[in-house]
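Comments concern the structure below.
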Amino acid sequence: MTQSVPALEDRMIRHIQMTGPLPLAEYMHWCLADKTDGYYQSSNAIGRAGDFITAPEVSQMFGELIGIWLIQAWQALGSPNPCNLVELGPGNGTLMADILRGTRVDPAFTSAVSTHLVETSPGLTKVQQQKLKEHDGIEWHVSMDTVPQGTMLYVANEFLDALPFRQYVKSGKSWLERCISVDENNTLAWVLGDGQIEPDALPAGHQDEPDGAVFEISTIREGFVKRVCEAVAQQGGCALFVDYGHGQSGFGDTFQAISKHSFANPLENPGKADLTSHVDFSPFANLAIKSGCKKTGLLTQGEFLLRTGLLERAGMLGSGKSEDEKKRIKGEAERLALPDQMGGLFKVFGVSSTAPLWPFD
Ligand code: SAH
């Protein structure tokens, strides 16, 4: 006889009753990665019909321009053959499909790279396999550890924001960890835990923040970036991380739950909404240089796409097309690059084992 697993919320409540409040990072991990009810077990999260839209789903130009960046970075490395093209958290596989199509302009690049996708969700793996079925030899991994050694070209779009993070709330002279507990109605509720963060780990000016101020930190995100940078430094290569976030650490609550393109209460219906927060890019350059990388750069997505040729690409795509098509392409370019749309909030962090690093110089 098979026993059915209780719903995620019931299991979490039992766990909290037995062991105490859950730090936000653990709550996020349960909600996103639980083997039966985790959000990324479903395969229809991303896209117009899903919960949220990412840049590759907005326009093919995004992946094509990342492809152009990859060719340039690969040439700056001396056009190594063979080398590994690795995407972390590939979602629907759209970005990789556009990269592989866009990079056909350089057959030497195409024949040098083996493609590896690192994905933990079985549902999304199937979506990616379907989307990329015309490409032979792609390998899937549930962890970056099994990608073979070699020159590494990494890309990751909206991957870091999906990794767990912690929040600390100013309470008198201390900063206490924000946790999830169970209230008298047996529903999930916010509490402050006993865990504290050392003042050294806080940005300057923390003494002046008011009670209730929030500081966010993610050692898990930093850990991923560090591992990527170490592989780049040791084996040669480059990496590009694109995500929404800020270039300087600060204070503020950016935890968000998105369901069907709207904000939701992150403690309601666990496992049914996408949970993320803004990525703090400020530690990455140091991590990269300490790991032995030669060059790093940070641009807004708008600047990055304009420098890699967004306007030229939009012009080429629109040439000879109907006025409606031209309008659609212009709208997509604006959505990706305008500062008040995705162009300002989203940042692009690039790193390479060699200098210079186009278009960050
Ligand atoms: N890059 C895609 C999707 C972003 S959503 C796009 O731009 O559209 C986040 C992706 O990261 C999903 O594919 C999710 O399943 C994957 N993911 C989350 N945690 C992961 C982990 N620890 N390792 C690998 N993939 C992960």
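Where a number appears in this text, it was derived from the coordinates with a stated rule and is not lab data. Here the structure is a predicted model, which means the values were calculated and not measured. Note that each Cβ is placed from the backbone with ideal geometry, even for glycine, and that neighbours are counted across all protein chains shown.
Worth a mention:
- Rounded to whole numbers, the Karplus 3J(HN,Hα) couplings from phi for segment 101-118 are 6, x, 7, 4, 4, 10, x, 5, 5, 4, 7, 7, 8, 9, 9, 10, 10, 9 Hz, using 6.51 cos²θ - 1.76 cosθ + 1.60 with θ = phi - 60°, and x at Gly and Pro.
- In order along segment 52-58, phi translates into HN-Hα couplings of 8, 10, 9, 3, x, 7, 6 Hz, rounded to whole numbers, per the Karplus curve 6.51 cos²θ - 1.76 cosθ + 1.60 with θ = phi - 60° and x for Gly and Pro.
- Distance from the C-alpha centroid of segment 253-268 to that of segment 96-169: 27 Å, rounded to the whole angstrom.
- Each peptide among 262-268, 224-230 gets the average number of other Cβ atoms lying within 10 Å of its residues, and from highest to lowest they stand as 224-230, 262-268.
- Helix axis angle, 122-131 relative to the chain longest principal axis, alpha carbon, degrees: 20
- Modelled this way, with points 7 Å down the Cα-to-C-beta line, the labels at I220 and F263 are 2.3 nm from one another.
- Of all DSSP beta bridges in the chain, antiparallel share, percent nearest 5: 60
- Charged-residue dipole, Cβ positions (Lys, Arg, Asp, Glu), the chain about Cα centre, Debye nearest 20: 920
- Counted charge near M12, where neighbours are those whose Cβ lies closer than 15 Å (Asp, Glu -1; Lys, Arg +1): -3
- Antiparallel content of DSSP bridges confined to segment 187-330, in %, to 5: 75
- Efficiency of FRET between R48 and D211 - r from beta-carbon atoms, R0 45 angstrom, step 0.05: 0.60
- Magnitude of the charge dipole, segment 275-361, Cβ model with Lys/Arg +1 and Asp/Glu -1, debye to 20: 240
- Under the criterion of Cα pairs below 8 Å and six or more residues apart, the relative contact order for the chain equals 20 percent.
- Estimated dipole of segment 189-265 in Debye, rounded to 20 [Cβ of Lys and Arg +1, of Asp and Glu -1, Cα centre]: 540
- Between the helical axis of 60-76 and the longest alpha-carbon principal axis of the chain there is an angle of about 70 degrees.
- Amide hydrogen neighbours beyond the local backbone of G47, cut-off 5 Å, H modeled: F52, I53, T54
- Residues of segment 258-292 falling in the label zone of W190, defined by backbone nitrogen less than 13 Å from a point 7 Å along Cα to beta-carbon, are 265-268.
- Of K126/K327; K170/K294; K294/K326; K327/K347; K173/K260; K131/K272, pairs whose Cα-Cα distance is over 31 Å: K126/K327; K170/K294; K294/K326; K173/K260
- Bridge type composition, segment 56-192 - antiparallel percent by DSSP, nearest 5: 40
- Highest-first arrangement of 145-157, 100-112, 183-195, 343-355, where packing means the average Cβ count within 10 Å: 343-355, 145-157, 100-112, 183-195
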